[in-house]
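Below is one structure; the comments refer to it alone.
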Amino acid sequence: MRKVVTVCLSILFVAGIVVAGKSHAPKFDPEKIRVHVKYLASDELEGRGMNQKGGDMAADYIATQFKSYGLKPAGENGSYFQTVPMVGVKTLAATTFTFVPASGTPLELKALDDYVTTNERQTETAVIDAPIVFVGYGISAPEYQWDDYKGYDLKGKVALLFVNEPVSDDPKFFKGKALTYYGRWTYKFEETARRGAFATLIIHQEDLASYPWTVVRNSWGGEKSFLKLDGTPKLEAASWIQQDVARKLVAMGGLDLDKLFQEAQSRDFKPIQLPVNLKAHIDSAIHPFTSRNVLAMVQGSDPAKKGQAILYTAHYDHFGIDKSKPAGANIYHGAADNATGCGILLELGRVWADTKPAPPRSILFAAVTAEEQGLLGSEYLGKHTAQLPTQPILDLNYDDLPPIGIPEEVEVTGAERTTFYPTVEETAKEFNLTIRPDSRPEAGHYYRSDHFSLGRVGIPAFSVSEGMKYKDHDAAWGQAEAKDYVEHRYHQPTDVYEPSMDFHGDALMAEFGYALGQKAASASAVPMWLSGDEFEAAQKQRQMSGANK
Ligand SMILES: [Zn+2]
């Protein structure tokens with residue numbers, strides 16, 4: 001047994017040297033990653049809050065590092081920065097929300113207890129008096145022959161719908177148990193806005209949403225940040241309502257929520273207009289500001305290919321400092337989330353800058369902002385790739401990689417949906433890493449990190465992260481570590497840097513991503529979403545528009 005372990009380890013190190021040797025690249029240094037994490041997670045950076053001093057300091061630090069490695073700026077006007085115009089929207093207490101039936105008593109809702117709402121159209125006042133239409137799951141998915149709308153015009157209406165997607169175990173139907181983007185609440189708001197709805201009410205069901213109402217309440221109670229309006233259709237009232245409130249609402253129209261849920265499972269479902277209006281007056285405080293993505297690059301060596309790039313991303317923002325809380329416990333340090341990803345991104349930048357000769361395709365680095373606000377910095381990057389000096393054809397993202405030792409597994413969820421997967425498998429083998437499949441596909445993690453912002457505009461994209469099995473431990477240990485992190489540090493001020501942290505695993509994940517980048521940067525073919533994938537159409541559109549041909 002022991003012998004087997006020793007043999008595996010020597011393969012691991014040989015693989016590392018071979019990869020480094022081929023390209024004459026310097027080695028990845030865990031201690032350099034430590035220095036970045038220690039600084040980015042320090043009190044001085046005050047939790048890297050977006051639109052706070054600490055967030056700006058983090059962006060400046062990353063740009064300074066990029067420059068010191070000799071990376072070229074890839075931002076605006078020869079700088080390392082891309083300005084991201086944003087708007088903070090806070091729903092004020094004067095807001096009212098009432099269900100008014102054609103006959104009978106109106107039902108006035110209680111803010112936060114019964115509903116949460118945000119005016120995505122970013123106006124100080126919105127007045128709504130419009131009929132409510134139940135649209136099932138609100139999904140239009142031609143690839144699954146599913147259309148909840150059946151030609152119904154939502155213009156000027158209020159959509160009422162369930163979160164998630166039709167219940168199924170069939171892998172060919174909404175990918176079985178796995179959540180597709182159609183099930184995410186962000187899709188529901190986007191799709192109904194595209195169809196002209198004023199407002200959308202998502203019915204919160206704890207069992208289907210995979211988180212309790214308190215999570216909805218907490219994340220929607222304060223100021224919410226959005227990208228500045230750019231012509232993308234938006235709702236005046238993007239809302240969630242409690243299940244019991246939805247029950248009362250449909251009962252006003254003589255309907256039963258459980259029966260509606262059953263009806264929504266059928267392809268034959270048609271929208272049902274209720275004899276009830278939403279009467280709402282939404283008052284919001286509007287607060288425009290800007291944030292920054294940090295961008296750098298290595299120019300490719302092949303004139304025919306340097307217009308294409310391998311992109312590495314990691315978000316640098318976290319929750320900042322909460323001055324309403326006592327000093328000493330009010331900084332969200334974000335050491336694991338995501339100073340680790342930034343440390344890896346910087347180390348990748350350093351090694352790529354020293355890689356001679358440069359690969360045929362270019363290499364792009366983006367430290368993005370506002371991930372914690374809903375992947376906004378990467379969304380802006382994905383929507384504005386035309387501004388970049390070279391076009392991404394693959395995105396490798398790093399988000400929250402625990403510095404707890406050397407992983408023997410790697411997670412690359414989403415890679416299996418692309419033509420790049422055989423290369424990923426081959427590389428994992430060279431590194432003696434087992435690919436760990438997504439343990440909870442029903443949670444839809446793919447849609448919750450920055451790679452998704454690139455994926456949805458047609459660029460094959462996935463995150464590289466550690467699995468659960470670490471050297472000298474069993475997988476149960478890794479799982480216990482993950483659980484301890486989620487319970488005691490994740491998104492809490494306690495996510496701090498500790499001198500006992502071990503960055504060898506983070507360095508290994510950087511090296512793995514580097515090896516993937518090397519192969520993608522010199523391959524003859526560009527990675528593609530597989531045929532039938534939800535992002536295939538976006539990639540075709542992207543290629544037709546002239547990007548990454
Ligand atoms: Zn986070």
What residue among GLY343, ILE33, GLY532 has its Cα farthest toward the positive end of the dipole of the chain, where the charges are +1 on Lys, Arg and -1 on Asp, Glu, each on the Cβ? GLY532
Label zone at GLN145, where the point sits 7 Å out along the Cα-to-Cβ direction: the stretch 256-270 residues whose backbone N lies under 15 Å: 266-269
If packing is taken as the average count of other Cβ atoms within 10 Å, what order do 450-462, 347-359 fall into, highest mean first? 450-462, 347-359
Between ALA102 and LYS228, what is the FRET efficiency for a Förster distance of 35 Å, r being their Cβ-Cβ separation, to the nearest 0.05? 0.35
Two-site label geometry, LYS483 and HIS384: point separation in nm, points 7 Å out along Cα→Cβ: 4.4 nm
Most packed first (mean Cβ within 10 Å per residue), the peptides 311-324, 156-169 order as 311-324, 156-169
What net charge is computed for the residues neighbouring ALA507, neighbours being all others with C-beta under 11 Å from the C-beta of ALA507, Lys and Arg scored +1, Asp and Glu -1? -3
What does the extension gain come out to for LYS27 and SER500, with contour length at 0.36 nm per residue minus their alpha carbon separation? 168.1 nm
For the stretch 409-468, just say rounded, prolate or oblate: build the C-alpha gyration tensor, square-root its eigenvalues into a ≥ b ≥ c, call rounded for a/c under 1.5, and beyond that prolate if a/b exceeds b/c, oblate if not. oblate
How far apart, in nm, are the 7 Å Cα→Cβ label points at ASP170 and ALA251? 3.5 nm
Among GLY478, THR494, VAL464, which residue has its Cα positioned farthest towards the positive end of the charge dipole of the stretch 458-503, with +1 placed on the Cβ of Lys and Arg, -1 on the Cβ of Asp and Glu, and the dipole taken about the Cα centre? VAL464
As I understand it, the value is the acute angle between the Cα axis of helix 421-430 and the longest principal axis of the Cα atoms of the chain; what does it come to in degrees, rounded to 10? 40 degrees
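If R0 is 45 Å, what FRET efficiency do you get for LYS259 and LYS540 from their C-beta distance, rounded to 0.05?
According to the calculation, E is roughly 0.65.
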quick note, the chain, DSSP beta bridge pairs, % antiparallel (nearest 5) is 60 percent
Non-local residues with an amide H under 5 Å from the amide H of ASP147, with H modelled 1.01 Å from N and Pro and chain starts lacking one, are ALA141
Where the centre of each part is set by its Cα atoms, how far does the stretch 37-67 sit from the stretch 259-303, in angstrom? 30 Å
Measuring from centroid to centroid over Cα atoms, what is the spacing of the stretch 159-224 and the stretch 480-509 in Å? 30 Å
Per the helix-only calculation at 222 nm, which mean residue ellipticity applies to the chain, given -39500 (n - 2.57) for every DSSP H run of n ≥ 4 and division by its residues, nearest 500 deg cm²/dmol? -9500 deg cm²/dmol
Using the alpha carbons of the chain, what is the convex hull volume per residue in cubic angstrom, as a whole number? 148 Å³
Just order 413-421, 372-380 by mean Cβ neighbour count inside 10 Å, highest at the front, would you? 372-380, 413-421
Estimated FRET transfer efficiency when R0 is 60 angstrom, pair ASP153-ASP302 (beta carbons, to 0.05): 0.75
Under the classification rounded if a/c is under 1.5, otherwise prolate if a/b is larger than b/c and oblate if not, where does the stretch 139-252 fall, given a ≥ b ≥ c as square roots of the Cα gyration tensor eigenvalues? rounded
Within the stretch 77-129, DSSP-loop trypsin sites (Lys or Arg not before Pro) with at most 15 other C-beta atoms within 10 Å are LYS110
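Rule-based calculations on the coordinates, nothing more; no lab input. As the structure is a computational prediction, the values presented were derived from the model and not from experiment. We place every Cβ from the backbone using ideal geometry, glycine too, and count neighbours over all the protein chains shown.
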